[in-house]
Amino acid sequence: MSLRLEGKNALITGAASGIGRASAIRFAEEGANVAVADRQAAAAEETAAAVRKLGRKAVAIALDVSDPAQVSAMVATTVAGLGSVDILLAAAGVSHARYGGDGQIVHKLLHEIPFEEWRGLMAINLDGCFLCCQAVAVQMIKQGQGGRIIAIASGAAKMPVKGSGEYAVSKAGVWMLMKNMALELGRWNITCNAIGPGVIDTPMTKQLQQARHFDRMIGHQPLRRIGKPVDVANTALFLASEEGAYFTGSILHPDGGLLMQ
Ligand SMILES: NC(=O)c1ccc[n+]([C@@H]2O[C@H](COP(=O)([O-])OP(=O)(O)OC[C@H]3O[C@@H](n4cnc5c(N)ncnc54)[C@H](O)[C@@H]3O)[C@@H](O)[C@H]2O)c1
């Protein structure tokens, strides 16, 4: 059987860690070359090395996705290094404005959050996702071969989260961004979908996993386990592969049944 992403070039943001890194490796296992983009330069290099070890091409790109000029340069570097962008997985994100990969949770109610913190999170989660999707869409239209745009939203796109309202609002925005882009880009055979994971074992949920109520919380989910980054990577792989060709404007939930409750 041929590999599911043979000959494809994927650009993954947030690929230095967690879900983005697992997706870079899973995509490479299925034949894709990968541009590994993240603000953590050294860790992005490590992901790129893992991709190369699987026999695929990789370029590591250090950037802040909230900066339009850096996003344009990211797409140009990907095309220069790999030849094209066939798949975008926009996974870069933060759980709150001061998130630095340590899983530290800062809960603030929406009527209390300082505007700079609201904007700081939106600049990455929503503006950053928009900038990456927009720049890649322009490139895909130029290439004339269609494409797949996938954005990591969250189960919080559908479910308000007390103390993390700005995160939930940003992820609801990411989901609507995918639906609107799906509507507009279908004529170029570019599909746009979101993924809304439940609780996944990455640095982002490190502190949550140490909380006293964590086991009880997970125990209430039908599958009674935390998600693995590869659970989300496999969802992205499906949407990026031939099997996912007729999905557009959808959100898929690798969440162990969390949202069903
Ligand atoms: N872990 C979960 O339970 C969970 C659940 C639902 C959704 N998500 C979403 O999944 C995505 C990946 O998160 P994760 O859990 O793998 O966390 P993570 O912290 O392991 O990975 C996020 C990556 O994004 C990068 N990043 C953050 N801001 C950036 C910026 N401005 N520019 C470039 N890169 C930036 C970080 O450096 C990091 O490598 C995020 O969008 C997150 O909101 C996570």
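Please get the size of the charge dipole for the range 130-227, origin at its Cα centre, with Cβ charges of +1 on Lys and Arg and -1 on Asp and Glu, quoted in debye to the nearest 20.
Values: 12 positive and 4 negative charges, 40 e Å.
Around 200 debye, computed over the range 130-227.
Between helix 165-185 and the chain there is an angle of about 30 degrees, using the helix long axis and the longest principal axis of the Cα atoms. Over the range 82-218, Cα pairs under 8 Å with separation of 6+ residues give a relative contact order of 32 percent. With contacts taken as Cα pairs under 8 Å and at least 6 residues apart, the range 9-254 reaches a relative contact order of 20 percent. Would you give the gap between the C-alpha center of the range 195-224 and the C-alpha center of the range 243-257, rounded to a whole Å? Spelled out, the Cα-based centre of one part sits 21 Å from the other.
Once you have the Cα-Cα distance between residue 180 and residue 119, take 0.36 nm times their residue separation minus that, and quote the gain in nm to one decimal.
Values: separation 61, 0.36 × 61 = 21.96 nm, distance 2.22 nm.
Full-extension gain reported as 19.7 nm.
In the frame of its principal axes, the range 1-118 has Cα extents of 54, 28, 24 Å, reported largest first.
Counting other beta carbons within 10 Å of each residue's own, what order do 53, 171 fall into, fewest first? All intermediate terms of the calculation are to be shown ahead of the outcome.
On the way: 53 11, 171 28.
Lowest to highest Cβ neighbour count: 53, 171.
Apply 1/(1 + (r/R0)^6) to the Cβ-Cβ distance of residue 138 and residue 46, taking R0 = 22 Å, and write down the FRET efficiency to the nearest 0.05. Write down the numbers at each step before the final one.
Numbers: r = 30 Å, r/R0 = 1.36.
It comes to 0.15.
Which value in Å is the Kirkwood Rh of the range 104-261 over different Cα pairs? Walk me through the intermediate numbers first.
Details: mean 1/r = 0.0600 Å⁻¹.
Across the range 104-261, the inverse of the average 1/r is 16.7 Å.
Take the residue pairs 158/179; 8/142; 8/57; 8/53; 57/228; 206/228 and return only those whose Cα atoms are more than 19 Å apart.
Numbers: 158/179 14 Å; 8/142 16 Å; 8/57 11 Å; 8/53 17 Å; 57/228 25 Å; 206/228 13 Å.
With Cα atoms farther than 19 Å apart: 57/228.
Listing 225, 56, 39 from the residue with the fewest other Cβ atoms within 10 Å to the one with the most, what is the order? Before the final figure, lay out the partial values.
Working: 225 12, 56 24, 39 21.
With the sparsest Cβ surroundings first, the list reads 225, 39, 56.
FYI, it's all coordinate maths here, none of it is from the lab. Remember, predicted model here, so these are calculated numbers, not experimental data. A quick note on method: Cβ atoms are made from the backbone with ideal geometry, for glycine too, and the neighbour counts reach across all protein chains shown.
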